[in-house]
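Everything below concerns the one structure shown next.
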Amino acid sequence: MAFDPDQVECVGDLASLQRGNTYKSKLLGFPGPILLGLASIERGGGFRSDNLKTYGGDSPEKLRLYPGDLYVSLKDVTQAAHLLGAVVRVPEGVRGRLTQDTVKLVIPGVPSDWKAYLYWLLRTPEYRAYCKANSMGTTNLSLSREDFLSFPVPPLSMARQHAVTVLESIESRINHNRALAANLEAIARRLFKSWFVDFDPVRAKATGEKPPGLADDIAALFPDRFVGSESGEVPEGWVYQPITSIASVLSGGTPKRSATEYWDGDIPWYSVVDAPKGSDTFVVQTSEYITQLGLAKSAAKLLPAGVTILSARGTVGKLALTCGPMTINQSCYAMKCDLGDYFTYFTIAQSIEWLKQNVHGAVFDTITKATLNGMMVVTPPRKVALAFEVIVKPLMLRIETSVRECHILLSIRNLLLPSLISGKLRIEEQGLSNV
């Protein structure tokens, strides 16, 4: 039967649902499709790319997901309902499998413009409110298939088509920026590992060779021999010592919640929920802000740009770099040293797995200052660290620019999404036609 847009009144007129099933945890990490469960969904919808795992078990075709496919979660494990009904479009390069927590939208014979329209319709704040209003359960929330399929679909007018086109362009640009940031961060990380973990320039000089790819003045900074240390051989003149010997460690604080005059100011207040996604690295805005009075009346401290933030309680090991004045809560540490902001960041990033394996706490995993005192690093002379800083600075600044642009684009997207329900927004009037 040919597709008839005049017959579309609700989601069920466009799609049917294919539910996923359970998997065997012992087969995680084996070759196979990526498991696309709750962990693959951003709050409110969208693809979350960190901590994805492949699955080597049974993956029948009906449970498989391919680029462009849509899937949703009809459940949530929190009352906030951030994931309830949240929709995801599988990105390029991802081959996935449903889990017991996700459902695929089967959309046969529907034109691509309608499929894109459906995706963005399910990203609107009106749809998010609909999901929460129709949720069932007290501890774990669920949304019935019937309620999901009954969500109204307004006609795809010219105004809505134009809005979808701009939304698609915005998402494409965001994806481009994030891919660029990931590539640049990977380059900087590889250089750090080559110089300060594998000691490649020193190894080359120790065999009488010129370090490949290094200018003569940079190569001259590295020694040509190793000496013994507690960790084994390290480059001559380099020091094996606790991270706290080279970096200052500050904790944060939370202004009194009952004092309204402490909140909703203009000072960013960072908590782990603000941790950058993937390779974004920088935190440019936070979900909460405090006032000058809140800063003065709490243990929170105003941090400068270039400080590495480490989450230390609950969700441990999340990193961020500040790119402007900011405060943090007491579940985080702020770390800075005179060997360079980026050197400090990558030094800590290199030891994240060690930190996660050495947490304390019976109820919550906690990184204490004692944990940091036990985090040993091999430290080069300052001139070597600063040479690294000079080389990676353009890469890191480009990442910061990309992250800032993504935040602007997300703001435009959030402004535009409600128009898919109202159909009233004229793109030209909002200055968005050239996005």
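Conditions tested, residue by residue: (1) within 21 Å of the chain's Cα centre (by Cα); (2) in the same structural domain as LYS53 (by TED's automatic domain parsing); (3) not in a helix (DSSP H, G or I).
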residue: GLN100; (1), (2), (3): no, yes, yes
residue: PRO108; (1), (2), (3): no, yes, yes
residue: TYR117; (1), (2), (3): no, yes, no
residue: TYR127; (1), (2), (3): no, yes, no
residue: THR138; (1), (2), (3): no, yes, yes
residue: THR165; (1), (2), (3): no, no, no
residue: ALA179; (1), (2), (3): yes, no, no
TODO: Return the total of residues in region 190-213 being small (Gly, Ala, Ser) and in a loop (DSSP other than H, G, I, E, B).
DONE: 2
Task: Single unsatisfied condition, GLY228 versus (1) at pLDDT 95 or above; (2) exposed (fewer than 14 other Cβ atoms within 10 Å of the Cβ) - done: (1)
- [ ] Quick one: which residue in ASN21, ASN51 is closer than 27 Å to ILE170 by Cβ and either at pLDDT 95 or above or among the polar types (S, T, N, Q) (or both)?
- [x] ASN51
Task: When residues of region 263-287 are limited to those that are charged (D, E, K, R) and surrounded by 18 or more Cβ atoms within 10 Å (Cβ to Cβ), the one nearest to ILE174 (Cα to Cα) - done: ASP280
Task: Test: residue in region 250-262 that is in a strand (DSSP E or B), surrounded by fewer than 18 Cβ atoms within 10 Å (Cβ to Cβ) and among the hydrophobic types (A, V, I, L, M, F, W, C) - done: yes
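For (1) charged (D, E, K, R); (2) under 19 Å from ILE243 (Cα atoms); (3) surrounded by fewer than 17 Cβ atoms within 10 Å (Cβ to Cβ), each residue gets a yes or a no:
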site	(1), (2), (3)
ALA305	no, no, yes
THR315	no, no, yes
LYS318	yes, yes, no
THR327	no, no, no
GLN330	no, no, yes
THR344	no, yes, no
LYS356	yes, yes, yes
TODO: Kindly check whether there is at least one residue in region 76-85 that is part of a strand (DSSP E or B) and acidic (Asp, Glu).
DONE: yes
Task: Residue list for region 88-98, filter: farther than 26 Å from HIS162 by Cα and either assigned to a loop (DSSP other than H, G, I, E, B) or at pLDDT below 95 (or both) - done: GLY93, VAL94, ARG95
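The values are calculated or read from the model by the stated rules, or taken from the named source; none is laboratory data. Predicted model only: the values in this text are computed from it and were never measured. Cβ atoms come from the backbone with ideal geometry, glycine included; neighbour counts cover every protein chain shown.
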